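Asks: Structure incoming, see below.
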């Protein structure tokens with residue numbers, strides 16, 4: 001760009017325009033995964049929709065590589081590009097709730113913590129994720145699942161409409177009535193079709209107090225515990241969700257000090273509904289084995305949404321490998337136990353997220369997210385602090401992934417793909433991939449929005 005054009009763009013932008021020499025630049029380009037260290041030529045910290053439209057027009061006119069930052073939580077670091085334009089939406093964090101219509105209007109820089117804070121003032125929530133620092137935008141555009149998925153479906157199932165700045169720098173509205181093809185595509189198709197500047201969500205009565213907590217079992221009981229878990233989830237009510245986390249025990253106050261640092265099976269338990277029914281529903285879980293300790297009780301929904309934040313703080317190095325399963329056979333469970341005994345760092349873990357319920361009752365072609373038959377999500381979460389540990393931690397995750405892949409369904413959750421896994425994009429969308437390519441041809445034929453798990457146009 002000529003300096004005059006840059007100066008004019010900067011003066012006409014309501015938010016900040018940063019270049020590498022500006023003091024806030026280095027902090028602004030940081031994202032959650034410390035393995036990502038990229039340097040954009042320019043960062044625009046948008047203050048509103050007008051800034052987003054002008055930034056997209058600038059990128060289009062000067063043929064700039066574009067990345068888009070919402071919460072900055074994506075494992076592959078797609079929020080940041082080298083030598084291009086980073087459109088930073090993190091200052092756009094407004095959340096407005098209408099309790100009468102049970103609707104929430106959420107800007108793309110908002111986190112789940114922001115969303116929950118406002119919605120829970122009225123005892124409402126949407127079906128979102130499990131970590132309060134996750135960005136609403138990235139979670140939603142990839143499909144989105146969490147504690148409420150079995151009861152209310154995926155995050156995209158609660159999306160009612162969205163305002164989107166498309167590759168021609170124009171704002172359009174997408175809903176079931178307006179631009180329905182675009183509305184279909186953004187519900188799981190990631191950031192491939194534009195920049196969402198406002199999400200409208202349907203809300204449900206949730207909390208404000210829920211039943212939540214954890215039960216811990218020693219690894220030497222894992223075979224029995226996991227098989228009982230597999231049987232239990234077949235008949236448990238939709239109000240209840242139970243996830244499995246295999247990792248070294250952190251210094252939790254409900255665990256004896258001698259247990260800290262030992263490989264452990266945690267069952268994370270969440271129930272939304274009548275408290276007495278919830279306590280009765282979880283009682284069989286206590287009989288899965290001889291527990292090391294438990295902490296389960298009533299708590300605010302907002303507190304439960306933050307319960308795992310200490311394990312997912314920014315600044316560590318992270319690498320994930322993930323697979324979907326329609327059922328859990330003995331072999332993947334045994335492999336999970338084996339690799340829990342080989343954890344390369346105290347922060348590494350294997351978690352099994354439980355879906356099904358309402359999420360599986362939606363037709364695979366109703367939204368871009370198609371993996372409606374997924375019941376269990378295996379995510380191998382390698383996490384460590386020092387660069388010299390990269391090789392062993394990544395190798396551990398890859399080995400576990402390779403050994404369990406033959407029993408998996410073949411699909412994958414797009415938000416859990418690392419930047420090197422572009423070859424799995426078709427697997428993420430399954431039977432909907434070709435239709436998504438047609439939508440890409442229509443809305444972004446020059447692939448301006450390609451810093452993502454990219455759906456490549458065919459024209």
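Asks: Regarding residue 402, is this residue within 20 Å of residue 371 (Cα to Cα) and out of contact with any strand residue (DSSP E or B) (no Cβ under 8 Å at 6 or more places or on another chain)? Spell out the reasoning first.
Replies: Details: within 20 Å of residue 371 (Cα to Cα): no; out of contact with any strand residue (DSSP E or B) (no Cβ under 8 Å at 6 or more places or on another chain): yes.
No.
Asks: Scan the range 401-427 for residues that are in a helix (DSSP H, G or I), closer than 18 Å to residue 154 by Cβ and in contact (Cβ under 8 Å) with a residue 40 or more places away in the chain and report the count. Can you show your working first?
Replies: Going residue by residue through the range 401-427, those that are in a helix (DSSP H, G or I) are 401-407, 414-416, 422-427.
Checking which are closer than 18 Å to residue 154 by Cβ leaves us with 414-416, 427.
Okay, now just the ones that are also in contact (Cβ under 8 Å) with a residue 40 or more places away in the chain, so 414-416.
The qualifying residues number 3.
Asks: Restricting to helices (runs of 4 or more DSSP H) lying wholly in the range 178-286: which have 3 or more residues that are surrounded by fewer than 21 Cβ atoms within 10 Å (Cβ to Cβ) and touching a residue at least 40 places away in the same chain (Cβ under 8 Å)? Full working, then the answer.
Replies: On the way: elements: 180-186, 222-232, 275-282.
Answer list for the range 178-286: 222-232, 275-282.
Asks: Would you tally the residues in the range 93-114 being in contact with a strand residue (DSSP E or B) (Cβ under 7 Å, 6 or more places away or on another chain) and either under 20 Å from residue 32 (Cβ atoms) or part of a strand (DSSP E or B) (or both)?
Replies: The number of residues fulfilling the criteria is 12.
Asks: Given the structure, is residue 15 more than 26 Å from residue 170 (Cβ to Cβ) and crowded, with 18+ Cβ neighbours inside 10 Å?
Replies: On the way: more than 26 Å from residue 170 (Cβ to Cβ): no; crowded, with 18+ Cβ neighbours inside 10 Å: yes.
Criteria not met by residue 15.
Each row is one residue, and each column tells you yes or no for (1) touching a helix residue (DSSP H, G or I) at 6+ places or on another chain (Cβ under 8 Å); (2) exposed (fewer than 15 other Cβ atoms within 10 Å of the Cβ); (3) at pLDDT below 95.
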| site | (1), (2), (3) |
| --- | --- |
| 321 | yes, no, no |
| 341 | yes, yes, no |
| 354 | yes, no, no |
| 369 | yes, no, no |
| 377 | yes, no, no |
| 383 | yes, no, no |
| 394 | no, no, no |
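Asks: Does residue 298 meet the test of being part of a helix (DSSP H, G or I), touching a helix residue (DSSP H, G or I) at 6+ places or on another chain (Cβ under 8 Å) and outside the structural domain of residue 130 (by TED's automatic domain parsing)? Let's see the steps before the verdict.
Replies: Details: part of a helix (DSSP H, G or I): no; touching a helix residue (DSSP H, G or I) at 6+ places or on another chain (Cβ under 8 Å): yes; outside the structural domain of residue 130 (by TED's automatic domain parsing): yes.
The answer is no for residue 298.
Asks: How do the pairs read when you match residues in the range 24-52 that are in the same structural domain as residue 70 (by TED's automatic domain parsing) and surrounded by 15 or more Cβ atoms within 10 Å (Cβ to Cβ) with residues anywhere that are assigned to a helix (DSSP H, G or I) and at pLDDT 95 or above, using Cβ under 6 Å and keeping only pairs 6 or more apart or on different chains?
Replies: So the pair list comes out as 43/28; 44/55; 46/52.
The values are calculated or read from the model by the stated rules, or taken from the named source; none is laboratory data. What you see is a predicted model, and the numbers here were worked out from it, not measured in a lab. Positions of Cβ are backbone-derived with ideal geometry, glycine not excepted, and every protein chain shown enters the neighbour counts.
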